[in-house]
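The values are calculated or read from the model by the stated rules, or taken from the named source; none is laboratory data. From a predicted model like this one, the values you see are computed outputs, not experimental measurements. No Cβ is skipped: glycine too gets one built from the backbone with ideal geometry, and neighbour counts run over all protein chains shown. To get the accessible areas, we keep the full protein, side chains included, count just its heavy atoms, and leave off ligands, DNA and RNA. Shrake-Rupley method; radii C 1.70, N 1.55, O 1.52, S 1.80 Å.
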Amino acid sequence: IIKQHDQSKPLFLYLPFQNPHFPQEVPQEYYDMYEGIEEDKKRRTVLGMVTALDDAVKSIITALKTSDMWENTVFVFMADNGGNPKDGQSNYPLRGTKASNWEGGIRSAAFVNSPLLKGGVKNNELMHVTDWLPTFTHLGACGTSHPSTCLSPDLMGDIDGVNQWSAIDGSGESNRTGFLVNLDQITKASAVRQGQWKLIQGNPGPDSWVPPPNMTLPDHLAKIQQRGNRFLF
């Protein structure tokens, strides 16, 4: 796709990877990279899966650079939800797991990389997955220009997402203060986030803290006590 693309036209490439995800399977060469982890085979497998993912992403970046497209590319890498400790993954120090309304289930890591950005910006601003659509629309219409200098077309009408480009490039703050986490139409369990507060009703799902493999239970409990209620929601 990259090599055959007509560079006189914009390219939007969306590539959702299956790994690391159930079923926990990885080529032997990646599993063997982590021979120091003998006892926890699930952890060893998921580490191999992540490394395989790294190599796949590397091949995409290499193709963009070889095709002389990287210098005009905005690259976004993100996860869709928290991990499942039963599969060797960890959300620590956040509470909860995948399929929960706790932060460990809904907060995910992401990064944006581009030669068009100054880089080195750590973003802790509030953002929701629905914000990617208007943000990408802005990039398609205006490039990396600040939203105040270029108004992207309103092609979607009344939607939940907001343009977050100024928060991503470090020139501004988030354009949202809250969002609906989830509303289960069957169980009626729900959660909503507003600023630093979260309201949870019904069963929020798995709610335990699962420390990483290299942390003992006493160390884990001491850190939880030290942090107070910061990670309770």
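Model label sites at Lys41 and Glu173, defined 7 Å from Cα along the beta-carbon direction, differ in position by 5.2 nm. Working note: Karplus 6.51/-1.76/1.60 with θ = phi - 60° gives the stretch 74-90 the couplings 10, 9, 10, 10, 8, 9, 8, 6, x, x, 10, x, 5, 9, x, 9, 9 Hz, where Gly and Pro are set to x.
If the chain linking Phe77 and Val50 were pulled fully straight, counting 0.36 nm for each residue of separation and taking away their Cα-Cα distance, it would gain 8.4 nm. Convex hull over the alpha-carbon atoms of the stretch 43-112: what's its volume per residue in Å³? Spelled out: Cα convex hull of the stretch 43-112, divided by residues, is 85 Å³. Scan the chain and note any complete DSSP helix (H) whose C-alpha atoms cover at least 27 Å along its axis and whose Kyte-Doolittle average is -1.0 or more. Length and hydropathy pass: 41-66. Excluding the sites themselves, what is the longest stretch of the chain that contains no GluC sites (Glu not before Pro) in a DSSP loop with at most 16 other C-beta atoms within 10 Å? The reported range is 40-124. Karplus-based coupling profile of the stretch 194-203, in residue order and whole Hz: 9, x, 8, 10, 9, 9, 10, 10, x, 7, with θ = phi - 60° in 6.51 cos²θ - 1.76 cosθ + 1.60 and x standing for Gly or Pro. Taking the helices alone, the chain has a mean residue ellipticity at 222 nm of -7500 deg cm²/dmol, built from -39,500 (n - 2.57) per DSSP H run of at least 4 residues and averaged over all its residues. Here the stretch 41-163 is assigned +1 on the Cβ of each Lys and Arg and -1 on the Cβ of each Asp and Glu. Its dipole about the Cα centre then comes out at about 880 debye.
Accessible area of Asp219 (1.4 Å probe, protein heavy atoms only, ligands and nucleic acids ignored): about 80 Å². Charges were assigned to the Cβ only: +1 to each Lys and Arg, -1 to each Asp and Glu. The resulting dipole of the chain about its Cα centre is roughly 580 debye.
One chain, two ends: His21 and Gln7. Fully extended at 0.36 nm per residue, the span grows by 1.7 nm beyond their Cα-Cα distance.
Determine the share of the chain's accessible area contributed by carbon and sulfur atoms, expressed in whole percent, with a 1.4 angstrom probe. The C+S portion of the solvent-accessible surface of the chain is 53 percent. Entry note: the chain has Rg to Rh equal to 0.99, where both radii use alpha-carbon atoms and Rh is the Kirkwood radius.
For the stretch 1-49, the residue among Thr45, Leu15, Gln28 whose Cα projects farthest onto the positive side of the dipole built from Cβ charges is Leu15. Can you give the FRET efficiency to the nearest 0.05 for Ala63 and Asp154, using r as the Cβ-Cβ distance and R₀ = 30 Å? It comes out at approximately 0.35.
Computed extension gain for Tyr14 through Thr130, at 0.36 nm per residue and net of the alpha carbon distance, reaches 40.2 nm.
Of Lys98/Lys198; Lys9/Lys65; Lys41/Lys122, which pairs sit farther than 22 Å apart, going by alpha carbon to alpha carbon? Exceeds cut-off: Lys41/Lys122.
Loop sites by DSSP among the trypsin sites (Lys or Arg not before Pro) of the chain, restricted to those with at most 16 other Cβ atoms within 10 angstrom, leave 4-106 as the longest stretch without any of them.
Counting only protein heavy atoms and a 1.4 Å probe, the stretch 74-233 has 61 square angstrom of accessible area per residue.
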